[in-house]
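Encoded as structure tokens, the structure appears first; notes follow it.
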Amino acid sequence: MSWFGRTITRQRYGIGLITRIAILMALTAGFPYLVYFVASSAGRGTSGAGGAIALVMGMYLKPLIYVAFALSLIRPAARRARTLEMTILVGPLIGFVVLADLAFGTLFFNHWSVAFSLGFVGPMRMPIPWLLLAALISLITLAVLAQRDDGLSARERFGIAYPIWLSLVALAALHGFVLITTFLSLGMGIAPRRLVALVWLTNSLPRMPLAIALMAASLWLIVADRLSGGRGSRAADTPTPTRPPGAPGPRGAPRAAFGLRGA
């Protein structure tokens, strides 16, 4: 488990998180142009026979982009959780929370023929990415929390806020697990049939209350961390300046005030 268990600083984690989100946004915004380029290269445009190319790319390539994004978040989230003395299962759980909005990731900025093939008429509508938003807030929460060297476990540091937050993350991840297993259980059938089931199940599950509760628990985690900041610990993510041996502290403070020993 060393691949998951190595610690990571807040700065490196934040840079990695921002990079992954930026890549997803760029691929999502650029996907229609990619479809147009491929269809134009085939000399078919994006209507008629070219629409078939856009439909195939939208049905098969677009979901893979979103799945790759979700999988790319697992390792940095697990490493950051390990740094904060949390369980490394936070990483895979958040990955499943992101996957719970695979239907949104497939339809957003996709060709209109994909939405039409999925039957977005009447009660069927574009799913709101509640769990994706909750997962992103949870990931940002891991970036806000600072590593400490006080030897406290996550339960001791955050109090009851940590098990409640972790339970909500696990419950949200269960949504993603149900969606993905349902999607895969349909076998190698036609993609529209599988995606229709995915969108229908996404819209039928009670996701909004769970997402709001997870967002509130993430805020609670930050508040609990701030309230526990007076226990004599320092943020290990911030390097401390070094002093020559025997040098006095600021304003001539005695050496014992900085934890130094000696005569």
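The values are calculated or read from the model by the stated rules, or taken from the named source; none is laboratory data. The structure presented is a predicted model; accordingly, all values stated were derived computationally and were not measured. A quick note on method: Cβ atoms are made from the backbone with ideal geometry, for glycine too, and the neighbour counts reach across all protein chains shown. Surface areas here come from the heavy atoms of the whole protein model, side chains and all, with no ligands, DNA or RNA. Shrake-Rupley method; radii C 1.70, N 1.55, O 1.52, S 1.80 Å.
Would you say residue 96 is surrounded by 23 or more Cβ atoms within 10 Å (Cβ to Cβ), over 26 Å from residue 149 (Cβ atoms) and modelled with pLDDT of 80 or more? Yes; evaluated as a whole, the condition is true for this residue.
Considering only residues that are of a type in the set (Gly, Ala, Ser) and free of Cβ contacts under 8 Å to residues at least 24 places away in the same chain, which ones fall in segment 17-34? Give the derivation first.
Just the residues of segment 17-34 that are of a type in the set (Gly, Ala, Ser), to begin with: 22, 26, 29-30.
If the condition is that a residue be of a type in the set (Gly, Ala, Ser) and free of Cβ contacts under 8 Å to residues at least 24 places away in the same chain, then 22, 26, 30 are the ones that fit.
Among the residues that make up segment 99-115, is at least one of them surrounded by fewer than 16 Cβ atoms within 10 Å (Cβ to Cβ), at pLDDT below 90 and in a helix (DSSP H, G or I)? Within segment 99-115, one or more residues are surrounded by fewer than 16 Cβ atoms within 10 Å (Cβ to Cβ), at pLDDT below 90 and in a helix (DSSP H, G or I).
Beta carbons closer than 6 Å, at least 6 apart along the sequence or on distinct chains, pair a first residue in segment 126-150 that is under 29 Å from residue 199 (Cα atoms) with a second that is open to solvent by less than 10 Å² (accessible area, probe 1.4 Å) and assigned to a loop (DSSP other than H, G, I, E, B) for 129/101; 131/100; 131/101; 132/101.
Looking only at segment 1-44, which residues are polar (S, T, N, Q), assigned to a helix (DSSP H, G or I) and modelled with pLDDT of 90 or more?
Keep residues of segment 1-44 that are polar (S, T, N, Q), which gives 2, 7, 9, 11, 19, 28, 40-41.
From what's left, assigned to a helix (DSSP H, G or I): 2, 11, 19, 28, 40-41.
Within segment 1-44, 11, 19, 28 meet the criteria.
Restricting attention to segment 167-176, the residues that are hydrophobic (A, V, I, L, M, F, W, C) and open to solvent by 40 Å² or more (accessible area, probe 1.4 Å) total 3. Restricting the first member to segment 66-89 and to residues that are touching a residue at least 40 places away in the same chain (Cβ under 8 Å) and within 21 Å of residue 159 (Cα to Cα), and the second to residues that are open to solvent by less than 30 Å² (accessible area, probe 1.4 Å) and aromatic (Phe, Trp, Tyr), the beta-carbon pairs closer than 6 Å and six or more apart or on different chains are 80/13. Summed over segment 21-31, residues that are closer than 14 Å to residue 55 by Cα and either of a type in the set (A, V, I, L, M) or surrounded by fewer than 16 Cβ atoms within 10 Å (Cβ to Cβ) (or both) total 0. Of all the numbered requirements in (1) outside any loop (DSSP other than H, G, I, E, B); (2) open to solvent by 70 Å² or more (accessible area, probe 1.4 Å); (3) modelled with pLDDT under 90, residue 179 misses one, and that requirement is (2). Say whether the condition of being closer than 22 Å to residue 105 by Cβ, at pLDDT 60 or above and aliphatic (A, V, I, L, M) is met by at least one residue in segment 214-235. Yes - at least one qualifying residue is present in segment 214-235.
In this structure, does residue 155 turn out to be touching a helix residue (DSSP H, G or I) at 6+ places or on another chain (Cβ under 6 Å), surrounded by fewer than 16 Cβ atoms within 10 Å (Cβ to Cβ) and either at pLDDT below 90 or in a helix (DSSP H, G or I) (or both)?
Working: touching a helix residue (DSSP H, G or I) at 6+ places or on another chain (Cβ under 6 Å): yes; surrounded by fewer than 16 Cβ atoms within 10 Å (Cβ to Cβ): yes; either at pLDDT below 90 or in a helix (DSSP H, G or I) (or both): yes.
Answer is yes for this residue.
Taken as a whole, the condition of being of a type outside the set (Val, Ile, Thr), touching a His at 6+ places or on another chain (Cβ under 8 Å) and open to solvent by 20 Å² or more (accessible area, probe 1.4 Å) applies to residue 55.
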